[in-house]
């Protein structure tokens, strides 16, 4: 492999690399097969799941089991399972599209996601041959259903603080598990649980626990704010007898499994967020076209259009960003040998390389969904508050996404933390870049970008990367090893880093489309990109300023603020007009289009 | 058993129709398999699974029609044929379609040909019966059930909501009505296999036809959208007055009485 491609593959490298559209995978690159898989999923969800949502919301979980088995017959549970174990072993774009389309299924998407994702993947990635043979064919077909049990009443984000224990029995045949796992999705009907417990109270390890083992039971169904279509209970382990061969991975290495699975869970939630946001835009647009006040559809009011324009532009940037990450996995896995591809650990490692991207996608896309769901309710007025309307459920269902798979706050802290670690290890030349930036800023003259499409946006992106380096460099210099205590600064850096990733994803996607099919066919993509980049840059400027003020004072602060002004000097675009132009097309199509 | 399905791509039912310069705008529109043809594909697959043989789907269209053929292959059809008229024909009607299909079937051995009852776009319902006539085989339209036993075929036919029981024999052409079956979703393994199934592309030249042989017998004079639905009007007053006013409006305003 050449050096240039190797650079592309590194997680976090987007902060220091300059890429072109051809370097990224975009939704416009999907093949006919990808589109057919997406269509089958959508038809299945709309035709089979949606008519049952009221039953599912009432906790009639026999329908969940029935629907999952039907999904299994169509192959919708086996995409990530290798062919030799009865799955399809398809690429990550296919499985991502399935995840996106399942978001139309409300809380059932969590049921599906928990089974195929965090429930099945630990065995796909870390199971030994015997475990794979025993479980994977049945998980892929839906004959067995899976759940994932990590959280405990006293350990959420602090997963390694788990209290559940495992002890080898005297005969050496079984681990005896004791403890309580909380908020376990699919627990009403799951046959197999991936359970984390500490062997002898100290070695954090993962186990495959079957429901029928002695000592395994579940508590009552939880009463939740949203995703009521999914089952959530406590998993109770009272001297549960787990055969020794069901230890998953190595003793004491459970955290490796947990963290890798979290990475996957995070980008999958992000994709679901994008799918949900698209649905929110569709519901809102149909409603505002139909609803008349003062004798005219409320879609004709420009404040309605402002909302639709913002929702759609933000969706475009996040969609571009999350499929950019999926594309990174694909490119990385393309470099693996057939042998390595069969080894789940290699695949997990390829994904783990992009933990920064996974975390960023997670908080950005789940916040996108919450924002769109909120605005969609607002556009429905009082009707949005009524349960007859789908947006009411969407609003409640959306909220959990910012909490599970690592709260958005934990994910924010992880991003700058991991970047700095990579910089310290010499994997990314962040510190060198930050250093040379400070020199550069002394003599920097403001530039005037040209007027060709995307020139302004690329100019802002270039400076946006410098804003991150400026903020991160200063903070690292001042606080050194103690930076992890400055959580507000870390959160601002995480926001800025994610904005850079999103801005760049939107720009590169639009650039690629413009090069391929020209400006006429990509007018909307260009508008989305212009609006998102402008607004993201404004947010970044505010975040960067806050960091400077927190870190510096006196003359130093004045000097830094003047550097900031140099970096942010530009003639902003008129976002109001651009959003109206976007909304006109969305209102016509009555859905999110690109 | 050699089974053929006649398939047409039509606008997605969700699609908004716009007309510019007297032509329906196709740019950017989503296309699907004509829903009635989906029943035909499903029935063909079921009959093949029961009696053995091969299912071939045939369409007349353009390069993009390949998508709908691939979908039929993903559902479970074995082979597909695309008769691409994009470069040769500017216009066509039901005669054109029938003439091309007649030429296509000239050297084929077929036991059963299935088509949709109508296409949801132009809704002529002509191509199936006209092709059967040209091929000189039996034809039953709007079927809702079919059982094949040797050469004997027992059919339920929908007659404006009633059922007519028909017995006939192979070779046979049927057109499929809603209620015949529940078309399956293309499964993911089906989609992956469809990539490798044979899809033959022909032009009318390959069927020894030229443009004159298939020249349409009809001419479309005008295409227009139905008038937009206007807001309803409530008639008030005593029932007798209401009736009087309604009759008056139907006579003088709507001019239907």
Report task. Go through segment A:226-274 residue by residue and tally those that are over 25 Å from residue A:126 (Cβ atoms), crowded, with 24+ Cβ neighbours inside 10 Å and out of contact with any strand residue (DSSP E or B) (no Cβ under 9 Å at 6 or more places or on another chain). Result -> 3
Requested in this report: Test each condition in (1) closer than 30 Å to residue A:352 by Cα; (2) free of Cβ contacts under 8 Å to residues at least 60 places away in the same chain; (3) in a helix (DSSP H, G or I); (4) more than 14 Å from chain B (Cβ to nearest Cβ) for residue A:17 and report the one that comes out false.
Outcome: (3)
Requested in this report: Out of A:81, A:46, report the one residue that is within 30 Å of residue A:233 (Cβ to Cβ), within 12 Å of chain B (Cβ to nearest Cβ) and part of a helix (DSSP H, G or I).
Outcome: A:46
Report task. Of all residues in segment A:95-119, count the ones that are under 17 Å from residue A:329 (Cβ atoms) and not in a helix (DSSP H, G or I). Result -> 0
Report summary line: The residue that is nearest to residue B:191 (Cα to Cα), considering only those in segment A:30-43 that are more than 7 Å from every other protein chain (Cβ to nearest Cβ) and in contact with a helix residue (DSSP H, G or I) (Cβ under 6 Å, 6 or more places away or on another chain), is A:34
**Report entry** Condition check for residue A:376: out of contact with any strand residue (DSSP E or B) (no Cβ under 9 Å at 6 or more places or on another chain) and surrounded by 22 or more Cβ atoms within 10 Å (Cβ to Cβ)
**Finding:** yes
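Residue by residue, here is whether (1) assigned to a helix (DSSP H, G or I); (2) within 14 Å of chain A (Cβ to nearest Cβ); (3) closer than 30 Å to residue A:38 by Cα; (4) within 16 Å of the chain's Cα centre (by Cα) holds:
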position: B:68; (1), (2), (3), (4): yes, yes, yes, yes
position: B:72; (1), (2), (3), (4): yes, yes, yes, yes
position: B:83; (1), (2), (3), (4): no, no, yes, yes
position: B:96; (1), (2), (3), (4): yes, no, no, yes
position: B:109; (1), (2), (3), (4): no, no, no, no
position: B:114; (1), (2), (3), (4): no, no, yes, yes
position: B:119; (1), (2), (3), (4): no, no, yes, yes
position: B:123; (1), (2), (3), (4): no, no, yes, yes
position: B:128; (1), (2), (3), (4): yes, no, no, yes
Report summary line: Checked segment A:392-418 for anything outside any helix (DSSP H, G or I) and either touching a residue at least 40 places away in the same chain (Cβ under 8 Å) or surrounded by 23 or more Cβ atoms within 10 Å (Cβ to Cβ) (or both); matches are A:404, A:405, A:406, A:407
Query raised in the report: Going through segment A:382-391 one residue at a time, which ones are surrounded by 14 or more Cβ atoms within 10 Å (Cβ to Cβ), more than 26 Å from the chain's Cα centre (by Cα) and assigned to a helix (DSSP H, G or I)?
Result: A:383, A:384
**Report entry** Residue check for residue B:101: assigned to a helix (DSSP H, G or I), touching a residue at least 24 places away in the same chain (Cβ under 8 Å) and closer than 16 Å to residue B:38 by Cα
**Finding:** no
Query - Criterion (under 18 Å from residue A:107 (Cβ atoms), outside any helix (DSSP H, G or I) and within 14 Å of chain B (Cβ to nearest Cβ)) met by exactly one of A:67, A:88, A:76 - result: A:76
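A quick yes/no check of all residues on (1) touching a strand residue (DSSP E or B) at 6+ places or on another chain (Cβ under 6 Å); (2) farther than 30 Å from residue B:192 by Cβ; (3) free of Cβ contacts under 8 Å to residues at least 12 places away in the same chain; (4) not assigned by TED's automatic domain parsing to the domain that holds residue B:152:
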residue: B:56; (1), (2), (3), (4): yes, no, no, no
residue: B:72; (1), (2), (3), (4): yes, no, no, no
residue: B:78; (1), (2), (3), (4): yes, no, no, no
residue: B:86; (1), (2), (3), (4): no, no, no, no
residue: B:92; (1), (2), (3), (4): no, yes, no, no
residue: B:95; (1), (2), (3), (4): no, yes, no, no
residue: B:136; (1), (2), (3), (4): no, yes, yes, no
Query raised in the report: Taking residue A:114, is it touching a helix residue (DSSP H, G or I) at 6+ places or on another chain (Cβ under 6 Å) and more than 14 Å from chain B (Cβ to nearest Cβ)?
Result: no
Query - Options B:171, B:198, B:226; residue that is exposed (fewer than 13 other Cβ atoms within 10 Å of the Cβ), away from every other protein chain (no Cβ under 14 Å) and under 30 Å from residue B:150 (Cα atoms) - result: B:198
Query raised in the report: Out of all the residues in segment B:153-167, is one or more touching a residue at least 60 places away in the same chain (Cβ under 8 Å) and either more than 14 Å from every other protein chain (Cβ to nearest Cβ) or more than 26 Å from residue B:123 (Cβ to Cβ) (or both)?
Result: no
Query raised in the report: When you scan segment A:1-22, how many residues do you find that are at pLDDT below 90 and surrounded by 19 or more Cβ atoms within 10 Å (Cβ to Cβ)?
Result: 0
**Report entry** Flag for residue A:544 being in contact with a helix residue (DSSP H, G or I) (Cβ under 9 Å, 6 or more places away or on another chain) and either over 21 Å from residue A:438 (Cβ atoms) or not in a helix (DSSP H, G or I) (or both)
**Finding:** no
Query raised in the report: Does residue A:215 satisfy the criteria of being at pLDDT 95 or above, more than 31 Å from the chain's Cα centre (by Cα), surrounded by 14 or more Cβ atoms within 10 Å (Cβ to Cβ) and more than 29 Å from residue A:347 (Cβ to Cβ)?
Result: yes
Report task. Report, by residue number, each residue of segment A:436-461 that is touching a helix residue (DSSP H, G or I) at 6+ places or on another chain (Cβ under 7 Å) and at pLDDT 85 or above. Result -> A:437, A:441, A:449, A:453, A:454, A:457, A:458, A:460, A:461
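Rundown of residues vs (1) out of contact with any strand residue (DSSP E or B) (no Cβ under 6 Å at 6 or more places or on another chain); (2) surrounded by 24 or more Cβ atoms within 10 Å (Cβ to Cβ); (3) free of Cβ contacts under 8 Å to residues at least 40 places away in the same chain, yes/no style:
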residue: A:97; (1), (2), (3): yes, yes, no
residue: A:104; (1), (2), (3): yes, no, no
residue: A:132; (1), (2), (3): yes, no, no
residue: A:136; (1), (2), (3): yes, no, no
residue: A:148; (1), (2), (3): no, yes, no
Report task. Search segment B:6-30 for residues that are assigned by TED's automatic domain parsing to the domain that holds residue B:68 and under 30 Å from residue B:112 (Cβ atoms) and pair each with any residue that is surrounded by fewer than 12 Cβ atoms within 10 Å (Cβ to Cβ) and modelled with pLDDT of 85 or more when their beta-carbon atoms are under 7 Å apart and the residues are at least 6 apart or on different chains. Result -> B:12/B:30
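The values are calculated or read from the model by the stated rules, or taken from the named source; none is laboratory data. For clarity, every value in this text was computed on a predicted model and none was experimentally measured. In this analysis, Cβ positions are derived from the backbone assuming ideal geometry, glycine residues included, and neighbour counts consider all displayed protein chains.
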